[in-house]
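The values are calculated or read from the model by the stated rules, or taken from the named source; none is laboratory data. Computed from a predicted model, the values in this text were never measured in an experiment. Glycine also receives a Cβ, built like all others from the backbone with ideal geometry; neighbour counts cover every protein chain displayed. Accessible surface areas use protein heavy atoms only, side chains included; no ligands, DNA or RNA. Shrake-Rupley method; radii C 1.70, N 1.55, O 1.52, S 1.80 Å.
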Amino acid sequence: MTGTMKATSGPTPMMVQYLALKAKAEDCLLFYRMGDFFELFFDDARAAAATLDIALTSRGEHDGRPIPMCGVPVHAAEGYLARLIKAGHRVAIAEQTESPEDAKARGGSKTLVARDIVRFVTAGTLTEDSLLDSWTSNMLVAVAPVGDEYGLAAADISTGYFELVTVAASALEAELARLSASELVVPDGLAQQFIGAIIRPRADFDSIVGGDLLKQHFALSTLDAIGAVTRAEQAAAGGLIAYLAHVGQGNMPFLKLPVRREVHAHLLIDQATRDSLEISAANKGARAGSLLAEVDRTITGAGARQLASDLSAPLMDQSIIEARLSLVQWFHDAPLTRDAVRSALRQLPDIARALGRVVAGRGSPRDLGQIRDGLDAARHLRERLGAMADRPQLLDHLLPMLDGHGHMVDVLSRALVTSPPTDTTQGGYIAEGYDAALDVLRSAGRDGRQAIAQLEARYRDSTGVAALKIRHNAVLGYFVEVPAKHGDALMAAGSGFAHRQTMAGAVRFNSPELHEEAMRITQASGHALAAEAAHLEELTAIVLTRRDAIAASADALARIDVSAALAERAAEGNWCRPSFVSHPCLEIEGGRHPVVESALAKSGDRFIANDCKLSPDKRLWLVSGPNMGGKSTFLRQNALIVLLAQAGSYVPATSAKLGLVDRLFSRVGASDNLARGRSTFMVEMVETAAILAQATERSFVILDEVGRGTSTYDGLAIAWAVVEGIHETNRCRCLFATHYHELTRLSDSLDALSLHHVRAKEYKGDLVLLHELGDGPADRSYGIAVAKLAGLPPQVVSRAKTVLEKLEKGRAETGGLAAGLGDLPLFSAALDAAEAKVDALREKLTGLDIDALSPRAALDLLYELKRAAGEN
Ligand code: ADP
């Protein structure tokens with residue numbers, strides 16, 4: 001221990017050092033290295049002790065109060081770090097930056113060892129295998145507002161993935177939802193808008209500085225190599241790079257040359273839609289039960305990450321989609337090749353992550369071994385696939401990326417043992433035969449050990465003590481040990497042995513010969529370790545120079561894994577290849593919901609496939625029918641089919657034809673969002689508002705039970721107006737499920753709307769849900785039959801029937817809930833009237849010469865305009 005905190009008048013030097021480091025750590029927990037422990041103090045200690053469930057103790061005093069403290073052993077720090085990060089903390093690691101000996105030499109025996117923060121550990125900047133899920137990417141995203149746009153810079157430093165994108169405010173949410181960042185970094189001033197984000201100085205997000213940082217980091221003279229990087233992207237990249245430099249304390253992680261994404265290059269899906277379709281996480285946030293889990297048959301971690309990214313960002317470019325599909329089809333149609341490739345992938349280590357660690361300066365011999373083995377397997381795969389006929393274009397594009405590492409793999413194979421360790425302190429990772437000098441050192445060590453064994457035999461002989469042993473421990477090094485009763489014999493003067501230690505049952509000695517041999521061994525192994533370390537450095541350097549090519553191989557392998565996996569899934573589920581047309585239609589035959597279908601299959605039930613046929617002249621389907629009849633399943637399955645198709649996957653249907661969808665919206669079921677402090681109805685309306693504001697003629701919208709969260713009249717009125725709005729204004733493809741029978745009247749006035757229902761029938765007084773779609777409206781609502789099916793007591797069911805009869809009689813007399821709605825002017829006509837009034841205002845405003853107005857006249861005019869706006 002190199003310092004203490006005593007109760008003295010002023011703070012101890014150690015406390016001064018601690019507080020300075022803590023100030024630098026800002027709101028991160030400070031891990032303060034003391035010998036074999038990382039210690040935490042004050043509030044950090046309280047927080048860590050609570051999260052880690054470890055003892056909170058105290059030490060010394062500060063300002064007259066005991067200092068709370070807890071600590072974790074350095075060798076087990078990774079596990080504790082993982083738990084702290086998962087619990088939402090960030091951690092600053094302060095290491096000793098000199099040895100106690102150096103400190104003494106510098107300033108005398110009482111000198112405090114210098115310490116500094118060497119790294120920040122944060123959720124978005126992890127590279128350690130043990131801290132990451134192998135199948136999910138770990139995104140760090142920086143956001144920079146410039147004008148009315150936002151630049152986003154996103155990186156997964158565990159693999160070097162780096163992308164830039166510029167979005168309008170209306171697409172920001174969907175883009176952030178796609179990236180699903182584990183850490184978000186924003187400039188000072190945006191804290192309100194991005195709750196939970198890391199706030200960094202505004203100066204870090206300067207676009208000019210950002211552009212320069214990008215050029216500097218990638219050694220570019222202009223940014224053209226990346227593409228037309230916008231100012232907003234430069235600002236965001238600047239913020240990201242500055243944050244990474246801060247977190248690594250100058251040690252930059254791996255970043256590949258950034259990919260510029262166009263927002264319009266992929267299907268936009270906002271967070272509410274992602275949640276409602278359960279794309280990568282199901283209801284409770286777990287992966288199980290999600291679309292991703294249902295589709296995922298990838299073998300490698302990199303493949304799983306690629307598939308997750310594909311599904312979260314389906315494409316808008318038909319040629320890229322077709323290229324992906326052709327590769328899936330190739331694997332689909334050749335099951336033997338598929339099997340062979342998949343079993344080859346099974347042997348594959350995670351090259352991308354190993355490379356990420358090596359570049360971040362945290363690589364181990366094991367990482368180099370993984371890169372070697374992965375690239376070697378890649379070459380075999382290339383040879384096998386390269387020999388196949390009729391290769392699709394995408395494969396021909398990928399195969400060359402698997403090659404070209406021959407020389408490096410060769411060097412790594414010769415240099416490293418078969419399974420190199422993570423820990424370098426014991427050496428033994430450089431292979432025998434790679435370096436003759438190292439081999440000599442090692443054999444000197446071995447010879448020394450042999451010499452010691454011979455010495456032991458000789459001493460037994462000369463002393464006559466058969467139980468004599470030469471042993472080794474970390475404190476004494478080598479020593480001679482005899483049982484206590486033989487101790488005296490060796491103690492005798494002139495015996496050649498020098499006493500070192502007396503134990504309970506044994507006595508320990510040294511001897512000049514043993515000392516000499518021991519020295520030889522220690523020296524040789526010290527030199528051997530140093531030689532191994534030097535080789536590790538060389539090998540790392542070789543890998544670093546080839547980092548981009550290695551990363552490209554890793555990406556190509558991931559794409560091959562995804563393609564073969566999608567083929568496997570398609571073959572398993574009898575899925576079909578979707579086709580694309582230029583007009584906005586959606587024609588699905590025999591469509592199924594993959595997750596519901598598998599769930600039913602587990603209990604031996606069959607999923608009923610259904611068709612969907614939306615076209616420009618019949619683009620809105622109103623689906624009615626009893627609860628539990630399968631309406632929302634039908635809605636979702638069509639949304640999922642669109643998503644899968646545009647991600648380049650086969651789809652669960654017998655045939656599927658569609659025009660590309662630009663935005664996908666789903667408002668299904670009244671998902672409770674009370675945790676966010678909004679009522680269900682409020683959430684429903686916020687989401688519906690977003691759809692009405694953003695859906696275009698190329699969008700696809702599914703809406704289920706809009707208006708359910710409020711009273712019948714309000715609900716019906718809102719649902720009515722929403723259907724009209726979608727039909728007249730958004731003009732998108734839409735499936736709208738409702739239990740408001742009255743809405744079916746809309747088919748009289750809206751041309752592109754057609755009526756459908758999920759079929760049900762009563763059989764011997766019981767309701768049978770057929771889960772089958774029929775044309776036309778549902779004949780009745782079956783609500784009471786469903787209630788009976790659900791087990792409502794017979795007397796309640798029979799009472800409900802009586803009430804219903806009464807209500808229906810009333811309806812027959814008055815024309816019902818929607819009486820007179822048919823006479824309402826159409827949505828668009830009503831809008832025109834409002835528009836006319838706005839136009840009058842606009843005319844008045846355009847005719848104004850503001851400069852000619854006195855303040856008084858301006859005020860009068862404002863009153864006048866306000867009056868005009870309020871006129872009815
Ligand atoms: P609704 O939205 O009409 O209330 P759901 O879509 O929630 O009904 O479906 C209710 C249940 O019916 C589902 O959980 C599923 O078990 C079953 N189901 C739905 N669609 C089908 C189908 N096409 N084939 C078989 N079972 C289905």
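In this entry, K485 is excluded by the filter for residues that are open to solvent by 70 Å² or more (accessible area, probe 1.4 Å), charged (D, E, K, R) and in contact with a helix residue (DSSP H, G or I) (Cβ under 8 Å, 6 or more places away or on another chain).
Can you tell me which of A498, A489, A506 is out of contact with any Pro (no Cβ under 9 Å at 6 or more places or on another chain) and aliphatic (A, V, I, L, M)?
A489
If the condition is being farther than 12 Å from W621 by Cβ, of a type outside the set (A, V, I, L, M, F, W, C) and either assigned to a loop (DSSP other than H, G, I, E, B) or touching a helix residue (DSSP H, G or I) at 6+ places or on another chain (Cβ under 6 Å) (or both), then the stretch 750-776 contributes D751, K764, G765.
In the stretch 585-602, which residues are farther than 15 Å from E772 by Cα and either of a type in the set (V, I, T) or more than 32 Å from the chain's Cα centre (by Cα) (or both)?
C585, E587, V595, listed by residue number.
Just to be sure before I move on: is N627 within 16 Å of the ligand (Cβ to nearest atom), open to solvent by 30 Å² or more (accessible area, probe 1.4 Å) and farther than 29 Å from I726 by Cβ in the structure I sent? Here the answer is no, as N627 does not meet what is asked.
Considering the stretch 516-532, and only residues there that are surrounded by 14 or more Cβ atoms within 10 Å (Cβ to Cβ) and at pLDDT 90 or above, the residue that is farthest from E432 (Cα to Cα) turns out to be H527. Meeting the requirement of 1 or more residues that are touching a helix residue (DSSP H, G or I) at 6+ places or on another chain (Cβ under 8 Å) and either among the aromatic types (F, W, Y) or within 30 Å of L131 (Cα to Cα) (or both), the strands (runs of 3 or more DSSP E) wholly within the stretch 1-119 are 29-34, 37-41, 65-73, 91-96. Looking only at residues in the stretch 760-817 that are among the β-branched types (V, I, T) and more than 16 Å from the ligand (Cβ to nearest atom), the one that is modelled with the lowest pLDDT is T814.
On the given criteria, is L327 on the phi < 0 side of the Ramachandran plot and either open to solvent by less than 10 Å² (accessible area, probe 1.4 Å) or touching a residue at least 24 places away in the same chain (Cβ under 8 Å) (or both)? The answer is yes for L327. Screening the stretch 658-674 for residues that are among the polar types (S, T, N, Q) and within 16 Å of the ligand (Cβ to nearest atom) and picking the one that is modelled with the lowest pLDDT gives S671. Only one of these is surrounded by 14 or more Cβ atoms within 10 Å (Cβ to Cβ) and polar (S, T, N, Q): S443, S462. Name it. Residue meeting the stated conditions: S443.
What residue, among those in the stretch 120-135 that are more than 13 Å from I85 (Cβ to Cβ) and in contact with a Gly (Cβ under 9 Å, 6 or more places away or on another chain), is least open to solvent (accessible area, probe 1.4 Å)?
Applying the filter and picking the extreme gives S134.
Tallying residues that are polar (S, T, N, Q) and touching a residue at least 24 places away in the same chain (Cβ under 8 Å) within the stretch 766-795 yields 1. When restricted to residues that are away from the ligand (no atom under 12 Å from the Cβ), farther than 15 Å from Q637 by Cα and basic (K, R), the stretch 589-622 contains 2.
When L214, L220, L240 are checked against the criterion of being open to solvent by 20 Å² or more (accessible area, probe 1.4 Å), among the aliphatic types (A, V, I, L, M) and touching a helix residue (DSSP H, G or I) at 6+ places or on another chain (Cβ under 9 Å), a single residue qualifies: L220. Every listed requirement among (1) open to solvent by 60 Å² or more (accessible area, probe 1.4 Å); (2) in contact (Cβ under 8 Å) with a residue 40 or more places away in the chain; (3) under 18 Å from V543 (Cα atoms); (4) outside any loop (DSSP other than H, G, I, E, B) is met by T422 save one, (4).
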